[in-house]
Amino acid sequence: MQHSFRPESLMMGYGYHPEWSEGALKCPIFQTSTFVFNSAEQGKAFFEVAYGLREQGPQEVPGLIYSRLNNPDLEVLEDRLCLWDQADQAAVFESGMAAIATVLLEFLSQGDLLLYSNPVYGGTDHFITQFLPRMGVEVLGFFPDTTEEELIQMVEATGKSARLKLIYVETPANPTNALFDLELCRRVADHFSSAEEPVTVAVDNTYMGPLWQHPLAHGADLVVYSATKYIGGHSDVIAGAVLGKKDRMQRIKALRTFLGNMASPHTGWLLMRSLETLHLRMNRQAENARAVADFLRDHPVVEKVHYLGHLQPGDPGYDIFQRQLKAGGAMVAFDVRGGEREAFAFLNGLALVKLAVSLGGTESLAQHPATMTHAGVEPALRERMGITGKMVRLSVGVEHVQDLLWDLGQALEKVDAGQKIRD
């Protein structure tokens, strides 16, 4: 009898066979730099496929050569990652920025045009706005309320519509939870594509992880993750991943080989361990985030809550949320009444929630985007995107929800007390 197992079940053993490793139930760490060939002919065959000198045969398995090219830990991990997003291939990197930079470097050259969403993660913003122009790449940002017609007009107005090579989208956006319509982005890409020069759509899906949004199903060619976040999920490993269609992924993997920014065997092993509990962790985090967002919405010291699960018919992004996402996620941003002083008072008053950047881990974290993760974004642009001194970003973890609510409540009381003293 045939049965299609779900990804959360396959995470326990998919892609690995115990007979490869003396019957070990779990995939060991293959801490080796190189691999032995059975014959010179076999070595030749492996390199022919690895360097694209010929196509891989229908029954041929790519051979192990050198851990900069491939390693059992990475290959098993990449096979498992493909299951969630139904991708053709995956590539794992030693950091999220390594994954992002490799995508941008592979699909953009001097004279090309990049169309990218605003806001994006601060490190991505710096790479796009500060580094790419030094390479001779023109960059053009757009916002959640930019229409399809406006996007097309913006690209045409540059005079470089024939050089549009990549549309890079981060949705939901960090830290505002703003949503971008991926099917709209696909249509814009197709509008400027030709058979010889297709426009690639790459999506940073870090905020939703592999569970709550699947960009490839909505027209994306590539999905990018900071695997440090939900995929790793324990705040003890730095990693990145890119998944997508075979033709694009072959280019990504080729550049990764020569940049040498692949993940280590130990990183791969840690991520495989984390994938086994990803479904459980993320579901608990989403449940906790809903309770946290509801609590904040009703608190007198909180001016506004940015939480996807609160979107109602008629709200900006509501229709996208219904079509594109499977949950409200575990990221909550909110504006305190006041400004930076009040936001800092809240952050300094936390007892259980840790004041730290990053997200997606088992522990809850809080930070101040305007002076921390997005400090390098041009101030006027920060203001346009709503990243102000009064905004706090929360990554909700797996703690007992009543403990989280107590901690947030007592920290907000300190803000309220400070306001009353000043009044």
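The values are calculated or read from the model by the stated rules, or taken from the named source; none is laboratory data. Since this is a predicted model, take the numbers as computed values, not measurements. We place every Cβ from the backbone using ideal geometry, glycine too, and count neighbours over all the protein chains shown. Note: areas computed on protein heavy atoms with side chains; ligands, DNA, RNA excluded. Shrake-Rupley method; radii C 1.70, N 1.55, O 1.52, S 1.80 Å.
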Seminar exercise, completed: Share of accessible surface on carbon and sulfur in region 54-207, whole %, 1.4 Å probe and ligands ignored, is 49 percent
Problem set entry | Degrees separating the helix 148-157 axis from the principal Cα axis of the chain, which is the longest one | 70 degrees
Problem set entry | Cβ charges +1 (Lys, Arg) and -1 (Asp, Glu), total dipole of the chain, debye | 520 debye
Problem set entry | Accessible area expressed per residue, the chain, with surrounding protein chains retained (probe 1.4 Å, Å²) | 44 Å²
Seminar exercise, completed: Ser21 and Ala291 label points (each 7 Å along its Cα→Cβ direction) are spaced in nm at 3.7 nm
Exercise. Add -39500 (n - 2.57) for each DSSP H run of 4 or more in the chain, then divide by its residues: what number comes out at 222 nm, to the nearest 500 deg cm²/dmol?
Worked result: -11500 deg cm²/dmol
Problem set entry | Pairwise centroid distance, computed over Cα atoms, of region 93-131 with region 42-82, Å | 27 Å
Problem set entry | Highest-first arrangement of 55-63, 252-260, where packing means the average Cβ count within 10 Å | 252-260, 55-63
Exercise. How large is the convex hull of the Cα atoms of region 230-336 per residue, expressed in Å³ as a whole number?
Worked result: 159 Å³
Seminar exercise, completed: In region 290-346 the accessible area split gives carbon plus sulfur, as whole percent at 1.4 Å, a share of 48 percent
Problem set entry | Principal-axis tilt of helix 401-422 within the chain, Cα atoms, nearest 10 degrees | 40 degrees
Exercise. Can you tell which of Leu140, Leu25, Leu182 shows the greatest fluctuation in a Gaussian network model of the chain with Cα springs below 10 Å?
Worked result: Leu25
Exercise. If you look for lysine pairs in the chain that are eight or more places apart or on different chains, how many of them have Cα atoms under 21 Å apart?
Worked result: 14
Seminar exercise, completed: Expected unfolding gain across Asp236-Gln2 under the 0.36 nm per residue rule, minus the alpha-carbon gap, is 80.4 nm
Exercise. Ser9 to Arg251: extension gain in nm, 0.36 nm per residue of separation minus the Cα-Cα distance?
Worked result: 84.1 nm
For this session: Determine the relative contact order of region 99-183: mean sequence separation of Cα pairs under 8 Å and six or more apart, normalised by residue count, in whole percent.
Result: 40 percent
For this session: Go through 265-274, 317-326 and give me the packing order, highest mean Cβ count within 10 Å leading.
Result: 265-274, 317-326
Problem set entry | Distance (nanometres) between label positions extended 7 Å along Cα→Cβ at Ala157 and Lys354 | 4.5 nm
Seminar exercise, completed: From the Cα centre of region 144-191 to that of region 195-247, the distance in Å is 17 Å
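Taking only C-alpha pairs under 8 Å that are 6+ residues apart, what is the relative contact order of the chain in percent?
Once normalised by length, the contact order is 16 percent.
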For this session: Based on alpha-carbon positions alone, could you give the equivalent ellipsoid semi-axes of the chain from the gyration tensor, as √(5λ), descending, whole Å?
Result: 38, 28, 18
For this session: Give me D for region 107-240 in µm² s⁻¹, whole number, from Stokes-Einstein with Rh from the Kirkwood sum over alpha-carbon pairs, 37 °C and 0.692 mPa s.
Result: 215 µm²/s
